[in-house]
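S.K.: Here you go, one structure.
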Amino acid sequence: MAATPTEDEIKALVASASPYSPSNKVKLEAYLRAQATGNAAYSFEANRILMKLYQFFPTTATVDDKEKERTNSSLSLVLALLQYPNTTDLLALSCLIPERLKAQEPCASILQCAEYLDACQFTEFWNVWKSLETNTHAAIAAVPLTKHHAVLQAGICSVLALTYRTAPLKTVLAALDIASGAELTSRQDLVGIDKADASNVYFGATADNTKRNRVFQDVDFTSISNLMAKISKE
Amino acid sequence: MAADSDACVPKALTDFVFDLYDSVTLSHIAEEQKRLYNSDFRDLSSKYFASTPWPSPQTIATECNGDPLFLALYRELTHRHWHAVSRINIRDRMEGWQVYRELFEEILQEEPNFYITPGWAFDILNEFVYQFQGFCQFRTNLHSNAVKYGLIKEGESFGSVNSSGPAPPQNVIDNINMLTSADAWEVEQVFSYLHRLVKIGITSERPAYQYLGLFASVALSRLECLLGDYSASLKALMPISDAIVVKKDDTEHTAVEIIQSVFLARLSMAYHAGISFMMLRRYKDASRIWGDICAYMQRGFKTGQLRKLPNSDQFNKQYERMISLLAIVTHICPPAGTVEESILRTIREKHGPILSKIDAGEEGYEDLFMCPKFVTASFDNVYKLQMRAFSKEMAPQHACRKLRSYMKLYTSVAVSKLAKFNDMEVDDFVPLLISYKYRMLQPEAPESNMFTDDATSKSALDIHYYLVEDLVHVDEAEKERRFEKYFVGQISQNAEILGDAMAINTTI
């Protein structure tokens, strides 16, 4: 197995004049594995280039090559999913990974999770995610899915806070896959929640979940008269 | 290819070659070169070479002292002409690769001192990507034929040709043999040349290299879009900013001005960048870039200005395509001042009926999706992949528009009532309410630079709503009141009038 390149090496590769050289594949695969295990910083660009290399140089020669392509495509998708609520990376990768791979597991389940998150069907999302956690496919075994549970909960919480000022407690608990109100209030990482009581959760006031101030269209003449006087002298 | 044309070379042609060589390597006079490149070449082509190739470089070598760079430029120019007037076969495609390889190696390895106009630089790079696109499509078709005749299995690359099905036509076998025997249009090399030209354009102070660098960015953006890599397509345009300045003689122009001086480049950039924005769910940015170019073209068609430009026959088709695409993004995401009223009126006139059918749920957006001819460097069906991605993105839009139309009628409404209007149970409806707002929170680039990394998340909705328990409160979206253009325009007009008034001689 190739040694893991450093973040700087990857940045140099991405910025080089030949990012799509097939010789970069091994480095990028090693870096993807390191990202999956949490030993390297996430790099969408590196993963994108790797997916392009699979597109440009189809590795269908051996069973091992096919399996590697499937594994790495799945890993890049799950890492992009973990950037939620940011969806740009996942959207971009979905347009690069061929249908034949997306139809196979675990890509199919990962994309199903992404669809549920996009549609804010959080209960359905947790059902699929937790089945991935308990029966982790070998292709994504390197990713500690249970560790990322909290990251996803924080992402979902921020999405709820966009729309809700006050939400029913049971809705929030189901959306965040949290058992009780007490557990909810003890979670410091769930930014956006002000407080919770027996029936409701109160999200902090932001421009997204409160009434907007009216903007007045008119500008009175006195505020621009100095400017006009200056221009008329020129 | 050029054997017949070599036999007798008209004097007008030798004079043209000599003058062009002088302008490229010695005089560097832009206006003269424009005349030679845009008018004289076209006139000579239609007079002497309407359906035949120009003489080979060897034939005219004496007119240019055998200069390798000029001969490479000449070869590219005449090959491009041949590509336009003839029916291209696989040999021509393979030769095309040799033409561009020779030219780019000469420019990148030797870095000679030469000058070509921005229009010429763009044409070289645009044709380079166009021929690569044509080659990929040819190879994909050949692959389909090879699978059909049992020469290879689905998903396999070309290997040795052994038919297991009905006897294939000889030309299919010949084409496969030729394709596998030579290294042509290797995707890694294509990208490498474009990236290297971009880099040399950034570091060089010579106008020709700077032009090549800028238009290589535009070509790279187009290529990435054709391959379905939308984030790379936008990233390729980052070098194009007002920060880069090209000095030629006593004039200075920014990178943006150089791109805009070649209308086809501006059109290509707007179209492909817009597609990339749309596929990455950045509807306002797509709306803005297409709205701007369509408004410019609409004015240009009315005044006849665009007809004077080279390749103006292509403009109308591109305009129609972008209007169709604008119809999609403005339907999903009402423009709120980013698109001119005249363009919106054109959209309503051309696509009103189909948009009504989409609202009624009778049709989808697919017929309006005037996508580019996507290509693949492998054998997967990339067109199908992109269409599926597009359809998946558009699938929730019907429900979202219906939701929006009901919300606009209220300042506050119960969730259960709104769910009933939308023919949904409350438990199924609440996710739609949340996801509509979430999906429409999109990255938006600043006005000063559309291709920067500094896009910020903003709501693309024209309404604002939020939930308090089981009540939806609806408000109009925060309006951005843009006054400055109006007032600056009026102030400046006032200053002009005042100046004229002051200049009136009132002495009796």
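The values are calculated or read from the model by the stated rules, or taken from the named source; none is laboratory data. All of these numbers come straight from a predicted model, not from anything done at the bench. With ideal geometry, Cβ positions are generated from the backbone for all residues, glycine too; neighbour counts draw on all protein chains shown. Just so you know, the surface numbers come from the protein's heavy atoms only, side chains and all, with ligands and any DNA or RNA stripped out. Shrake-Rupley method; radii C 1.70, N 1.55, O 1.52, S 1.80 Å.
S.K.: Whenever you get a sec, compute what percent of the accessible area on the protein assembly as shown sits on carbon and sulfur atoms (1.4 Å probe).
M.R.: The C+S portion of the solvent-accessible surface of the protein assembly as shown is 51 percent.
S.K.: Might you tell me the accessible area per residue for chain B, computed with a 1.4 Å probe and given in Å²?
M.R.: Roughly 46 Å² per residue, with all protein chains present.
S.K.: What are the residues whose amide H is under 5 Å from the amide H of B:THR254, where those residues sit 5 or more places off or on another chain and H is modelled from the backbone?
M.R.: When sequence neighbours closer than 5 places are left aside, the close amide H contacts are B:VAL246.
S.K.: Among A:ASN72, A:ASN47, A:ASN24, which one moves the most in a GNM of chain A with springs linking Cα atoms closer than 10 Å?
M.R.: A:ASN24
S.K.: Taking the Cα centre of region A:1-146 as origin, work out the dipole magnitude from +1 charges on Lys and Arg Cβ and -1 charges on Asp and Glu Cβ, in debye rounded to 20.
M.R.: 240 debye
S.K.: Seen from all sides and averaged, what is the projected area of the convex hull of the Cα atoms in region A:67-125, in nm²?
M.R.: Computed as one quarter of the Cα hull surface, the answer is 3.7 nm².
S.K.: Let me ask something additional. Taking loop as defined by DSSP and a crowding limit of 14 other beta carbons within 10 Å, which trypsin sites (Lys or Arg not before Pro) in region B:1-93 fit?
M.R.: B:ARG87
S.K.: Placing unit charges on C-beta atoms (Lys and Arg positive, Asp and Glu negative, everything else neutral), compute the dipole magnitude of region A:102-217 about its Cα centre in debye, rounded to 20.
M.R.: 440 debye
S.K.: Right, next: By what distance, in whole Å, do the Cα atoms of chain B stretch along each of the three principal axes, largest value first?
M.R.: Ordered largest first, chain B gives principal extents of 100, 84, 39 Å.
S.K.: What are the extents of the Cα atoms of region B:396-477 along their three principal axes, in Å, largest first?
M.R.: If we take the Cα atoms of region B:396-477, the spans are 44, 23, 21 Å.
S.K.: Once the convex hull of the alpha carbons of region B:223-347 is built, what does its volume come to per residue, in cubic angstrom?
M.R.: 126 Å³
S.K.: Using 1/(1 + (r/R0)^6) with R0 = 41 angstrom and r between the beta carbons of A:SER158 and B:ASN145, what's the FRET efficiency to the nearest 0.05?
M.R.: 0.20
S.K.: Could you tell me how many degrees, from 0 to 90 and to the nearest 10, lie between the Cα long axis of helix B:315-332 and the main elongation axis, the longest principal axis, of the Cα atoms of chain B?
M.R.: 30 degrees
S.K.: What does the structure give for A:156-164 when I average, per residue, the other chain Cβ atoms found within 10 Å of the residue Cβ?
M.R.: Averaged over the peptide's residues, the number is 4.
S.K.: On to the next question. What relative contact order, as a whole-number percentage, does region B:1-87 give when Cα pairs under 8 Å and 6 or more residues apart are counted?
M.R.: 37 percent
S.K.: Would you mind checking which residues have amide H under 5 Å from B:GLU476's amide H? H placed 1.01 Å from N; only 5 or more apart, or other chain.
M.R.: Excluding prolines and chain starts, which carry no amide H, the hits are B:HIS464.
S.K.: Right, next: How tilted is helix B:207-226 with respect to the longest principal axis of chain B? Cα atoms for both, answer in degrees (0 to 90, nearest 10).
M.R.: Approximately 60 degrees, to the nearest ten.
S.K.: Here is a follow-up. For region B:396-477, with the dipole built from +1 on Lys and Arg beta-carbon atoms and -1 on Asp and Glu ones, taken about the Cα centre, which of B:TYR406, B:LEU433, B:PRO396 lies farthest toward the positive end?
M.R.: Most positive-ward Cα: B:TYR406.
S.K.: For region B:316-369 and region A:17-75, what is the separation of their C-alpha centers, rounded to whole Å?
M.R.: Using only Cα atoms, the two centres lie 39 Å from each other.
S.K.: OK, next. Specify which residue in the list B:GLY352, B:TYR365, B:PRO334 is farthest towards the positive end of the charge dipole of region B:315-390, using unit charges on the beta carbon of Lys, Arg (+1) and Asp, Glu (-1), about the Cα centre.
M.R.: B:TYR365
S.K.: Report, as an integer, the average count of C-beta atoms from other chains found within 10 Å of each Cβ along B:183-190.
M.R.: 3
S.K.: Short version: ³J(HN,Hα) in whole Hz for each residue of region B:46-60, in order, from phi by Karplus 6.51 cos²θ - 1.76 cosθ + 1.60 (θ = phi - 60°), x for Gly and Pro, what are they?
M.R.: 6, 7, 10, 10, 4, 9, 10, x, 5, x, 5, x, 4, 5, 9
S.K.: List the accessible area buried at the contact between A and B, summed over both sides and calculated with a 1.4 Å probe, in Å² to the nearest 100.
M.R.: Looking at A and B, the buried total is near 5100 Å².
S.K.: Sticking with this one: When the dipole is taken about the Cα centre of the protein assembly as shown, and only Lys, Arg (+1) and Asp, Glu (-1) are charged at their Cβ, what size is it in debye, to the nearest 20?
M.R.: About 1480 debye.
S.K.: Okay, moving on. Starting from region B:329-367, pick out the GluC sites (Glu not before Pro) whose DSSP state is loop and whose Cβ has at most 14 other Cβ atoms within 10 Å.
M.R.: B:GLU362
S.K.: Let me make sure I get this right: for region B:86-207, a, b and c are the square roots of the gyration tensor eigenvalues over alpha carbons, sorted descending. Under 1.5 in a/c it's rounded, otherwise prolate if a/b > b/c, else oblate. Which is it?
M.R.: Prolate.
S.K.: Still on this structure, please answer the following. Past the 18 angstrom mark, what percentage of all C-alpha to C-alpha distances in region B:1-87 do you count?
M.R.: For region B:1-87, the fraction of Cα-Cα distances above 18 Å is 38 percent.
S.K.: Just need the Rg to Rh number for the protein assembly as shown, please, alpha carbons only, Kirkwood Rh.
M.R.: 1.01
S.K.: Under the definition of partner shielding as Cβ atoms of other protein chains within 10 Å of a residue Cβ, what is the mean value for peptide B:434-447?
M.R.: 4
S.K.: Pick out which of A:ILE178, A:ILE140, A:ILE110 has the largest mean-square fluctuation in a Gaussian network model of chain A, springs linking Cα atoms closer than 10 Å.
M.R.: A:ILE178
S.K.: Determine the relative contact order of chain B: mean sequence separation of Cα pairs under 8 Å and six or more apart, normalised by residue count, in whole percent.
M.R.: Reported relative contact order: 10 percent.
S.K.: Turning to a different aspect of this structure: Have a look at B:MET322, A:TYR42, B:THR376 and report the one farthest towards the positive end of the charge dipole of the protein assembly as shown, computed about the Cα centre with Cβ charges (Lys/Arg +1, Asp/Glu -1).
M.R.: B:MET322
S.K.: Right, here's the next one. So which residues of region A:101-147 lose at least 40 Å² of accessible area, probe 1.4 Å, when you go from the chain by itself to every protein chain present?
M.R.: A:ASP118, A:CYS120
S.K.: Dividing the Cα radius of gyration by the Kirkwood radius, what Rg/Rh value follows for region A:131-200?
M.R.: Computed over Cα atoms, the ratio is 1.05.
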